[in-house]
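The values are calculated or read from the model by the stated rules, or taken from the named source; none is laboratory data. All values derive from a computational prediction rather than experimental measurement. Note that we place each Cβ from the backbone using ideal geometry, even for glycine, and neighbour counts take in every protein chain shown. All accessible areas refer to the heavy atoms of the entire protein, side chains included, with ligands and DNA or RNA removed. Shrake-Rupley method; radii C 1.70, N 1.55, O 1.52, S 1.80 Å.
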Amino acid sequence: MPPIKTEGFVLKRIDFRETSVILTLFTKELGKIKGILKGVRKENSKISPLTFSEGAYIHSILYKRKSGLNLLSSPLLIDFPNYEKKISFKIYFWILKLIDLFISENQTDENIFSLLDKTMKILKVTNKPWLIFLGFKIKLIGFLGYGIRTDICCKCNKYKKISFFSPKMGGVICKECGKEEINCIKITNKVNSIIKFIKKTDLKNIENLNIKKEEGEKINFLGNLTIYYHTNLDFIWWKNEKNIFRGDY
Ligand SMILES: [Zn+2]
């Protein structure tokens, strides 16, 4: 197959043999792809290590193979976010990890690619990185097709007063339906309207939302439960996310 020029985020890097690395890239056109980059860990290598580090945005040439590992060559560093806040770095790496978890190999998704690109840039300028993380999470759930429905009750499909949240249904449910539904969680009107706001608001404007970190943490938890019900990952991947919503920074 002819070589393909591509650009993407390094989601994951694994050292391979003496001098090579295996990179997982997330690109706009080819989606999530894996490839081996040979010889870059040699002492006299002209390629700077940042180029093949997790978090880098790089240009490279891909040789696709039908079996075995794809080959990557001529990597060129385009961007590596230099965040002032330590927490922004953590969030950025966390987001890359989520994308690696929920996108399968060779799956393309331009919406999620743009979301990642935007999030990486907004994290450079925001004063509320935790809110940007929450915005990313809610929008990611939407692009993955798991919800979150906030307009009408997920069970009776009617406009009624909302009292519960069902992670299994990926949305809100009314008081009456909530009585029959196990595994649903009581929510307030405020929580419902915060999720609504995040869904319809551009990521860069989400920091205008005036909520407490605890409220953000709760909504993030509802989002995680929703993903949990819709994927077959059977471990708690979000354990460390609490650090995003706690502590002063
Ligand atoms: Zn209902």
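In the structure shown, the pairs LYS12/LYS85; LYS97/LYS242; LYS32/LYS118; LYS128/LYS218; LYS137/LYS218 are assessed against 20 Å; a Cα-Cα span above that value is assigned to LYS12/LYS85. Relative to one another, the C-alpha centroids of segment 139-161 and segment 106-135 are positioned 22 Å apart.
Round to a whole number: what % of the accessible area of the chain belongs to carbon and sulfur, probe 1.4 Å? Intermediate results must be reported in sequence, preceding the final value.
Details: 6600 of 13090 Å².
On the chain, the fraction of accessible area on carbon and sulfur atoms equals 50 percent.
Taking the helices alone, the chain has a mean residue ellipticity at 222 nm of -11500 deg cm²/dmol, built from -39,500 (n - 2.57) per DSSP H run of at least 4 residues and averaged over all its residues.
Rounded to the nearest 20 debye, the dipole magnitude of the chain is 340 debye, with +1 charges on Lys and Arg beta carbons, -1 on Asp and Glu beta carbons, and the Cα centre as origin.
Helix by helix, which DSSP H runs in the chain go 24 Å or more along their axis at the Cα atoms and have an average Kyte-Doolittle hydropathy of -0.5 or more? All intermediate terms of the calculation are to be shown ahead of the outcome.
On the way: long enough: 86-102 (25 Å, 1.15); 213-230 (26 Å, -0.73).
What comes out of the filter, once short or polar helices are dropped, is 86-102.
Could you give the Stokes-Einstein D for segment 72-136 in µm² per second, using the C-alpha Kirkwood radius, 37 °C, 0.692 mPa s? In µm²/s, the coefficient is 255. Leaving out same-chain residues fewer than 8 places away, which aspartates and glutamates sit with a Cα under 18 Å from that of LYS42? Straight-distance partners of LYS42: ASP15, GLU18.
If the limit is 28 Å between Cα atoms, which of LYS34/LYS121; LYS161/LYS213; LYS28/LYS168 go over it? Intermediate results must be reported in sequence, preceding the final value.
Values: LYS34/LYS121 24 Å; LYS161/LYS213 26 Å; LYS28/LYS168 30 Å.
As for pairs spanning more than 28 Å Cα to Cα, those are LYS28/LYS168.
Comparing LYS239, LYS64, LYS213 in a Gaussian network model of the chain, where Cα atoms under 10 Å apart are tied by springs, the biggest mean-square fluctuation is seen for LYS239. Largest mean-square fluctuation among THR126, THR24, THR231, in a Gaussian network model of the chain whose springs join Cα atoms under 10 Å apart, belongs to THR231.
Taking only protein heavy atoms into account and a 1.4 Å probe, give the accessible area per residue of segment 101-212 in Å².
Values: 5510 Å² over 112 residues.
Per residue, segment 101-212 has 49 Å² of solvent-accessible surface.
Of the residues ILE112, LEU11, ASN70, the one whose Cα sits farthest toward the positive end of the charge dipole of segment 1-116, with +1 on the Cβ of Lys and Arg and -1 on the Cβ of Asp and Glu, is ASN70.
For segment 4-79, rounded, prolate or oblate, judged on the Cα gyration tensor with a ≥ b ≥ c (square roots of eigenvalues), a/c < 1.5 rounded, else prolate if a/b > b/c? Please report the intermediate quantities before stating the final value.
Details: a/c = 1.66, a/b = 1.20, b/c = 1.39.
Note, shape of segment 4-79 comes out oblate.
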